[in-house]
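Notes follow the structure.
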Amino acid sequence: MRDVDLRITHQVIVMKHLIKLLIISIAVIGIATPSFAGDDREDRGWDRDKKEQSHNSKKNKQLHAKLDVMIDALVVYPSNSPERFVDNGDGTICDHDTGLMWEKKDAGDGVQDLNNPHDVDNTYTWTSTADGDDTNPDGTVFTDFLARLNGVIQGSEPVIDDQLGGYSDWRLATIAELQTLLLSPFPCPISPCIADPVFEPTAANGYDSSTTRADDPIIVLGINFDTGHVVSGLKTTGHFQRAVRGGR
């Protein structure tokens, strides 16, 4: 009788181990294998394996692409600075309050140098008239200015060494984001009306935002850094620009 009890006990232990292994296997398969719920096709053998491998490969590529975008969108702040605005020393400025990273301008001799996108004297158009559309974002601010900052010129692949700060997501600021650079709202007591000297040089003039005026699609909103007030301008007219990235 004791031998029978021992055999039963041994079988119970074995069964418990088998059940545990089965549960683990199911969990692993559930994580590693994509769901094909709703697919009533009878994929079998090698054909099904190829489809699942292809599906997994595509998902992995999509995941890596998303991670690349997420990593690229991060703004790194110097942790040892109590200041709101910090010059990173690489042509970029961090704003600890808003989470934005801004382009730093240079030159300021009153002469445009379009080969240098950071030249504070440069102006660019929001839209081009070549296609007969005076509303869409195809002007030199996008095809030249931002393209250079992002390391892309004339439809080429991005060149990391040419990207400002090593990032490829530079853009125009919204009107609200651009207003965060003002020392104070209109009327501003100084000109240029800029929140911090770290942003010098700044043209005491109108800078474009990415915001189109709601009642007129050929008009872009901007900030006049001479007085601090919101301005409107034709998208086909050249205006001053300052790029931004990141944000919360």
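The values are calculated or read from the model by the stated rules, or taken from the named source; none is laboratory data. Given the structure is predicted, the values throughout are model-derived calculations rather than measurements. Neighbour counts run over all protein chains shown; Cβ positions are idealised from the backbone, glycine included. Please note that ligands, DNA and RNA were not included when accessible areas were found on the heavy atoms of the full protein model with its side chains. Shrake-Rupley method; radii C 1.70, N 1.55, O 1.52, S 1.80 Å.
Rank E177, E83, E200 by accessible area, highest first, at a 1.4 Å probe radius?
E83, E200, E177
By the scheme Lys and Arg +1, Asp and Glu -1, what is the net charge of all other residues having a beta-carbon under 10 Å from that of P201?
-3
Which is farthest toward the positive dipole end of segment 82-135 among T125, P82, L100, measuring Cα position about the Cα centre, with Cβ charges +1 (Lys, Arg) and -1 (Asp, Glu)?
P82
If the only charges are +1 at each Lys and Arg Cβ and -1 at each Asp and Glu Cβ, what is the size of the charge dipole of segment 128-236 around the Cα centre, to the nearest 20 debye?
Computed charge dipole of segment 128-236: roughly 280 debye.
Kindly identify segment 109-153 as rounded, prolate or oblate by the Cα gyration tensor criterion: order the square roots of the eigenvalues as a ≥ b ≥ c, call it rounded if a/c is under 1.5, otherwise compare a/b with b/c, prolate if a/b is larger, else oblate.
Since a/c reaches 1.5 but b/c is at least a/b, the shape of segment 109-153 is classed as oblate.
With a 1.4 Å probe and all protein chains left in place, how much of the accessible area of segment 109-214 comes from carbon and sulfur atoms, in whole percent?
The computed percentage sits at 53.
Can you compute the radius of gyration and Dmax for segment 106-248, using only the Cα atoms, both in Å?
Reported Rg and Dmax, both Å: 14.9, 45.
What number comes out for accessible area per residue over segment 81-230 if the probe is 1.4 Å? Units Å², please.
46 Å²
Under the rule a/c < 1.5 gives rounded, and otherwise a/b versus b/c splits prolate from oblate, where does segment 204-248 land using the Cα gyration tensor?
Judged from the Cα gyration tensor, segment 204-248 comes out oblate (a/c at least 1.5, b/c at or above a/b).
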